[in-house]
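A.B. asks: My questions all concern the structure below.
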4 protein chains.
Amino acid sequence: MLIRSEFEIEFDLPQAVAMIGLLRLHPSLDDAIRGAEALHVEHIDGETVSPVQAGDYVDSFGNRCTRFLAPQGRLRLSGNSLVERDAFADPIATEARQHQIEELPTEVLQFLLSSRYCQVDSLSLVAGDLFGHTTPGWARAIWIRDWVHNHVRFDYASARPTKTALDVFTERVGVCRDFQHLAITFTRAMNIPARYVTGYLGDIRRPGSGPGDFSAWYEVFLDGQWWAMDARHNDGRMGRVLMAVGRDATDVAITTSFGVANLKKFVVESFEVDATGSKVPLPPKV
Amino acid sequence: MLIRSEFEIEFDLPQAVAMIGLLRLHPSLDDAIRGAEALHVEHIDGETVSPVQAGDYVDSFGNRCTRFLAPQGRLRLSGNSLVERDAFADPIATEARQHQIEELPTEVLQFLLSSRYCQVDSLSLVAGDLFGHTTPGWARAIWIRDWVHNHVRFDYASARPTKTALDVFTERVGVCRDFQHLAITFTRAMNIPARYVTGYLGDIRRPGSGPGDFSAWYEVFLDGQWWAMDARHNDGRMGRVLMAVGRDATDVAITTSFGVANLKKFVVESFEVDATGSKVPLPPKV
Amino acid sequence: MLIRSEFEIEFDLPQAVAMIGLLRLHPSLDDAIRGAEALHVEHIDGETVSPVQAGDYVDSFGNRCTRFLAPQGRLRLSGNSLVERDAFADPIATEARQHQIEELPTEVLQFLLSSRYCQVDSLSLVAGDLFGHTTPGWARAIWIRDWVHNHVRFDYASARPTKTALDVFTERVGVCRDFQHLAITFTRAMNIPARYVTGYLGDIRRPGSGPGDFSAWYEVFLDGQWWAMDARHNDGRMGRVLMAVGRDATDVAITTSFGVANLKKFVVESFEVDATGSKVPLPPKV
Amino acid sequence: MLIRSEFEIEFDLPQAVAMIGLLRLHPSLDDAIRGAEALHVEHIDGETVSPVQAGDYVDSFGNRCTRFLAPQGRLRLSGNSLVERDAFADPIATEARQHQIEELPTEVLQFLLSSRYCQVDSLSLVAGDLFGHTTPGWARAIWIRDWVHNHVRFDYASARPTKTALDVFTERVGVCRDFQHLAITFTRAMNIPARYVTGYLGDIRRPGSGPGDFSAWYEVFLDGQWWAMDARHNDGRMGRVLMAVGRDATDVAITTSFGVANLKKFVVESFEVDATGSKVPLPPKV
């Protein structure tokens, strides 16, 4: 299955500002790329479009980051990619066993720790109450994911930049990232490594659900590998396209601006295409 | 100047527990090591002492970590090192300039972000009020360090594992790590990278101040290098011996136990020795 | 000057629910009432409107409260009042002195304490930093009010029910009640009693500013009396009509529902009328 | 049964400071008083003891408060009382039914609201999860009390002045007041009025447990009356002597100082006496 993803973001910058973008695909997808995977950073002045000099680097999580000094005025970030993905929904691995801490790969250990939005230390006793009775491994990971899905309500208006897993636990309302932060925190508290993911998650082979956005989900480490989990959409989605992983949303902000940047345009799309590059139509809503 | 550091820690473990220790010296000190730099992980059963199998690894911050599965019963962690250090107090670099974000080494950028105990997002506007008028660079870093030193009171009884920089800012009382967390948060908020450090900081060429402990300080990145700062002891100490660096105390816990571990003994010492290995006497208190 | 105030609120109730309303004028206005001051609690079933039995009582703050059990279905709360108010803007009393604690009327002392949204204990040291240098009395109260006004930005979208003064201090954005909570907290921390107020604040003798709402402000106790302060609108408004006072928004919620109540209609208006009852036109925007 | 209670508290005051004390017995005990119920406020200067002028008043909760301006130097607060109490443990009223909100006495309604340390708004959904399945009334109140008792650990070292019910819920450790704050919050969230109480709770007809202190417990309103509950000591104590009630610890601080007051002495005792005034010996520890 071929997935094409595109975005176009524009900011107005009252003055020059340094920015970091995590807008490329994750290096783990390199073998799946079937067309240009490009990012354009451009300054727009009326009709004139000029490229902004940008440098790529890989951060400590293995994400492909882009840094640039955007000049005063209108900034456009755009990109697109074509990748091949299995035409399967998120795998179900009921036998995936939970590792003992001492046998985990060392690079995975950091995903057991507390982070800005995932206060494992504060929620570990609550997690024990709620999930201590569950079977270690896949069943436990699913139980946590579903608990969060069933106890938290989605509401765009409830988003705020400083919202933590503890806030989500008490307020029970949030956006994508909030669902994942709470699930990650509980998962780590039960000694299963969990990391935060951003990427594309379009409406693929399912009825359209409105304008696209970047999406957040998370991954748990069981039986020697990372498995995609999504406490918001826990219905077995297909077509996830990974952009970046980190401890939580802090590490993988789509763009970080070290100064004022006023968002003016934001369009994201991710959809299946056929071999000719044409968009595959979506099934109707029932 | 030769610094000898030693520690001995014992835990009672009601059952086997996986542990991670950051008890070695930081690799950046490798050239300064003048004697064995060793860590012993041992199980004690009455008179019998048997080694516990432990594996070393380097984490994403470059710290030398040790992981092991400690058996039920008494666990002893001990170690010592001998390093050569300059006989100078913490350097003062009044001309050290602040980098523009876009010119910072990319591996340093993560030390501008929020972390578990350093909520840059929550305290950035407060930081602007307090430090916006200061001169960028060294002067700003010092102003922040001294502000924290002068507004926070030390009290061992005020320690708690979940205390954040915001808590320190409102409560104005804390232990070593709390001073550093607040200073780090303000420093990052002013766009100067700052990282948390643990290590040995004995009473070196100064009157004794009581039983030793591991210490925490922080480093700021100015003019192309990291500089030691200490919002608790901001009087120009010498003899800092670096063990680990990270975003905050989460990353560099001396020991992390994935289960119950009851502390039974805790002795840490760091002191100057002469060429024969004898302890250099401390000056008297005036 | 005559002020007419009116409101109409409707809820859909999936099942019967007990409610408390603070929708009447404050008893301190009794002498100023120039027409019926009425509250209607009604159940609406298609064309049929039937009164809901409601009981009035006065709470410990002297507010006129109304309690009722609203039946399942559509509930309408409506009311209106006509009061005479001085045609002056909020008084300015530059000589109003600050009382020593020991000379304050005892019923005023409670307004020095911490409350749900006004954590005096957490913000007292911050208040000392910010306002310790100001002159006690009126000048200090104004300094606090203006500091909050100038450091907090209004944004309807930033409202949330659990937002505290400390949140407002760090986030620097809020709605009416948030401005007042932060100002109240700082004022109390400087030993000036401050209480939260709800009431009508229409566009009176000033250009219209859009649809009406209930408003929140606060009062400080100086020189033997309470003075109106408004950290959001600190430009000397006239025509405030007091409904209820309390420690903070907890005490004076317009309506408190002990069960689900979905808001369906919300219209509030407060305006000047002439002796014939006709609305006095507003001046144009310049 | 006759209970004699005594206390002696001393402060050093670097300068004159206004103070409020809630150190008298609650007026509801007036009929039970069998001897002087006295409070002495005294300034001590070497051998000279002089009374400090103090005024009594009753606050909005009906508590007997004392206010005074203590001069610079040593301040002594002392008092004692003799009251008759039933020789029964805390009553058990398994049939006590929960009121509908609309039938509660209006003066009780305030004890359903959030307060400084009891964030009903933040914990109401958690309460629903934990206690939604319980039977309304006495059974529910007991379930909450016991849940808190069983999930929170007592530790004097964990006390801090700003600790809230939410903190207790996540940290699971606290002192008297913390246990009660969490239980009060959950109880209110389940629509049962609950208020915070301070008083004497000596070792009466039970083995001694060490030096005395003032104690905190709480009361729930069921079946037309207030019932004592104690989430810390939930083993049916006798000899509770009520001093003050309020929404939470904010309202009933034993002493509130509006300035620096350094505690120098603190002795509290409450014990049974026989008709001759002699202390009744305690049973031995088994």
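Where a number appears in this text, it was derived from the coordinates with a stated rule and is not lab data. No experiment lies behind these values; they were computed from the predicted model shown. FYI the Cβ positions are ideal-geometry reconstructions off the backbone, even for glycines, and counts take in every protein chain you see.
A.B. asks: For chain C, what is the Kirkwood estimate of the hydrodynamic radius, computed as the reciprocal of the mean inverse distance between distinct Cα atoms, to one decimal in Å? Intermediate results must be reported in sequence, preceding the final value.
C.D. replies: On the way: mean 1/r = 0.0503 Å⁻¹.
This gives a value of 19.9 Å.
A.B. asks: List the trypsin sites (Lys or Arg not before Pro) in the range A:200-286 that DSSP assigns to loop (not H, G, I, E or B) and whose Cβ has at most 10 other Cβ atoms within 10 Å. Which are they? Don't skip to the answer; put the middle values down first.
C.D. replies: Values: sites: A:ARG205, A:ARG232, A:ARG237, A:ARG240, A:ARG247, A:LYS264, A:LYS265, A:LYS279, A:LYS285; in loops: A:ARG205, A:ARG232, A:ARG237, A:ARG247, A:LYS285.
Counting only loop positions with at most 10 other Cβ atoms within 10 Å, the trypsin sites (Lys or Arg not before Pro) in the range A:200-286 are A:LYS285.
A.B. asks: Here's another thing I want to ask about it. Report ³J(HN,Hα) in whole Hz for each residue of the range A:14-22, in order, from the Karplus equation J = 6.51 cos²θ - 1.76 cosθ + 1.60 where θ = phi - 60°; Gly and Pro get x.
C.D. replies: Using θ = phi - 60°, the values come out as x, 8, 3, 8, 6, 9, 10, x, 10 Hz.
A.B. asks: Right, something else. Which percent of Cα-Cα pairs in the range C:19-161 sits in each 10 Å bin, short to long?
C.D. replies: Final binned percentages: 8, 22, 29, 26, 12, 3, 0.
A.B. asks: Hey, another quick one. Once you put a point 7 Å from the Cα of B:ASP235 and another 7 Å from the Cα of D:SER209, both along the Cβ direction, what distance in nm separates them?
C.D. replies: Between B:ASP235 and D:SER209, the simple spin-label model gives 4.4 nm.
A.B. asks: Measuring from the lowest to the highest alpha carbon on each principal axis, how far does the range A:63-117 reach, largest first, in angstroms?
C.D. replies: Principal extents (largest minus smallest coordinate, Cα): 53, 34, 19 Å.
A.B. asks: While we're looking at this one, here's another question. Which percent, nearest 5, of DSSP beta bridges in the protein assembly as shown are antiparallel?
C.D. replies: Approximately 95 percent, going by the DSSP bridge assignments.
A.B. asks: Related question: Once you've got the GNM for chain D with C-alpha springs shorter than 10 Å, pick whichever of D:VAL260, D:VAL168, D:VAL120 has the biggest mean-square fluctuation.
C.D. replies: Most flexible of the set in this elastic network: D:VAL260.
A.B. asks: Give me a comma-separated list of calculated 3J(HN,Hα) values for the range C:194-203, in order, Karplus coefficients 6.51, -1.76, 1.60 applied at θ = phi - 60°, integers in Hz, x for any Gly or Pro.
C.D. replies: 9, 10, 8, 10, 10, x, 9, 9, x, 7
A.B. asks: Next question, about the same structure. What residue among C:SER158, C:SER215, C:SER114 shows peak mean-square fluctuation when chain C is described by a Gaussian network model with Cα springs under 10 Å?
C.D. replies: C:SER158
A.B. asks: Using 20 Å as the cut-off for backbone N distance, which residues of the range B:73-96 belong to the label zone defined by a point 7 Å from the Cα of B:ASP30 along Cα→Cβ?
C.D. replies: Those under the cut-off are B:80-86.
A.B. asks: Something else about it: Chain C: longest stretch without exposed GluC sites (Glu not before Pro) (DSSP loop, at most 16 other Cβ within 10 Å), sites themselves excluded? Can you show the working numbers first?
C.D. replies: Numbers: sites that count: C:GLU47, C:GLU95.
With GluC sites (Glu not before Pro) excluded where exposed in loops, chain C gives C:96-286 as its longest stretch.
A.B. asks: Continuing with this model, one more query. Tell me, how many Å apart are the Cα centres for the range A:1-76 and for the range B:231-269?
C.D. replies: 39
A.B. asks: Quick one: with label points 7 Å out along Cα→Cβ, list the inter-copy distances for D:GLY128 in nm, shortest first?
C.D. replies: 2.8, 3.7, 4.2
A.B. asks: Using a 7 Å offset from the Cα along the Cα-to-Cβ direction at both C:GLN72 and C:ASN150, what is the distance between the two label points in nm, to one decimal?
C.D. replies: The answer from the label model is 5.7 nm.
A.B. asks: Going down the table (A:LYS163/D:LYS163; A:LYS163/B:LYS163; B:LYS163/C:LYS163), which pairs top 22 Å between alpha carbons? Don't skip to the end; give the middle numbers.
C.D. replies: Details: A:LYS163/D:LYS163 20 Å; A:LYS163/B:LYS163 17 Å; B:LYS163/C:LYS163 20 Å.
Flagged as over cut-off: nothing, all pairs pass.
A.B. asks: Taking every pair of distinct Cα atoms and averaging 1/r, then inverting, what Kirkwood hydrodynamic radius in Å comes out for the range A:86-212? Mind dumping the intermediate values first?
C.D. replies: Details: mean 1/r = 0.0636 Å⁻¹.
Result for the range A:86-212, one decimal place: 15.7 Å.
A.B. asks: Rounded to the nearest 0.05, what FRET efficiency do D:GLU107 and B:GLN15 give with R0 = 45 Å and r taken as the Cβ-Cβ distance? Could you check? The partial results should precede the final answer.
C.D. replies: Details: r = 54 Å, r/R0 = 1.19.
About 0.25, to the nearest 0.05.
A.B. asks: Quick one: among C:GLY246, C:GLY55, C:GLY202, which has the greatest mean-square fluctuation in a GNM of chain C with alpha-carbon springs under 10 angstrom?
C.D. replies: Sorting by GNM fluctuation, first place goes to C:GLY55.
A.B. asks: Next up: Put a point 7 Å out from Cα along the line to Cβ at B:ALA89; what are the distances to that point in the other copies, in nm, shortest first?
C.D. replies: Label-point separations across copies, in nm and ascending: 5.5, 6.4, 6.8.
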